[in-house]
Amino acid sequence: MSSKTALLEVIALGAEDAQRAQEGGADRLELVADMASDGLTPSAATVREVLAATDLPVRVMLRGANSFAAGDLDALRADAAKLVEAGAREFVFGFLTEDNEVDAEACRSLLKELDGLAWTFHRAIDRSRDPIAAFGVLAELGCDTVLAAGHPAGVGSGLSVLQRLARREDGPALLVGGGLRAQQVHLLRAGGVRGFHVGSAVRPGGWQSTVDVDAVRQWADLVKA
């Protein structure tokens, strides 16, 4: 994602979501399981089905529990190996230490399994002690994208932090998501944000329903206007 190119990433739970998101004009997917736990690692079978259903880039979640601690790294590395074998080439993960710093050691351990593949550091950054400093650590780790709301409570509470993050001139691209609302896009764009991430916003029927094509199209038009 260049500094000038707008990007809309949509959360997908399966192949039908992927197809509908692509039809609506999404640029990339984040594939997860179990949104009741805020997104966990999907199965290898789901990864294969989604990759067969779309030609969009698909970033696959690596997260074993509803926590920002690394947890069982051996299990995560085993999952990563299975998903790479299933065809995954982009990932999403993020770990914090007990002191709410980026857990660079845990990230490096998992990155050994990914062997240079692209990855997003997810909203763990919103609970980090210093999100600005965290970007520097993530740049050194080779992260190309950071998903942030600027605050644990969501974009509405994090606008000032997001504006500071958007003013950085180097390091990972900023992808804004987490309670993102349509009326916030203009302000964020004016501040330099080019990447936007939506989940429930394109599911009027809730997480039990599939992605809504028209809702994705409205967001794509908004983000790229």
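The values are calculated or read from the model by the stated rules, or taken from the named source; none is laboratory data. Computed from a predicted model, the values in this text were never measured in an experiment. Glycine gets a Cβ as well: all are built from the backbone with ideal geometry, and neighbour counts include every protein chain shown. What goes into the accessible areas is simple: the full protein's heavy atoms, side chains included, and nothing from ligands, DNA or RNA. Shrake-Rupley method; radii C 1.70, N 1.55, O 1.52, S 1.80 Å.
Observations on the structure shown:
- Pair list, Cβ < 9 Å and 6+ apart or interchain, from the range 189-204 residues that are within 20 Å of G39 (Cβ to Cβ) and touching a residue at least 24 places away in the same chain (Cβ under 8 Å) to residues that are open to solvent by less than 40 Å² (accessible area, probe 1.4 Å) and of a type in the set (D, E): G195/E9; F196/E9; H197/E9; H197/E30; V198/E9; G199/E30
- Residue match in the range 124-143 (condition: of a type in the set (K, R), touching a residue at least 24 places away in the same chain (Cβ under 8 Å) and more than 27 Å from V47 (Cα to Cα)): yes
- The range 92-121, residues that are touching a residue at least 60 places away in the same chain (Cβ under 8 Å) and not aromatic (F, W, Y): V92, T120
- Residues of the range 107-143 satisfying the condition of being within 20 Å of G158 (Cβ to Cβ), assigned to a helix (DSSP H, G or I) and not aliphatic (A, V, I, L, M): R123, D126, R127, P131, F135, G136
- Among the residues of the range 51-84, the ones that are free of Cβ contacts under 8 Å to residues at least 24 places away in the same chain, assigned to a loop (DSSP other than H, G, I, E, B) and of a type outside the set (S, T, N, Q) come to 2 in all.
- Verdict on A36 being of a type outside the set (F, W, Y), part of a helix (DSSP H, G or I) and at pLDDT below 95: yes
- Of the criteria (1) in contact with a strand residue (DSSP E or B) (Cβ under 9 Å, 6 or more places away or on another chain); (2) modelled with pLDDT of 95 or more; (3) of a type in the set (A, V, I, L, M), which one V213 fails: (1)
- Across the range 144-198, the number of residues qualifying as open to solvent by 30 Å² or more (accessible area, probe 1.4 Å), part of a loop (DSSP other than H, G, I, E, B) and out of contact with any Lys or Arg (no Cβ under 9 Å at 6 or more places or on another chain) comes to 10.
- When residues in the range 151-188 are screened for being out of contact with any Leu (no Cβ under 9 Å at 6 or more places or on another chain), more than 20 Å from D38 (Cβ to Cβ) and at pLDDT below 95, 5 of them pass.
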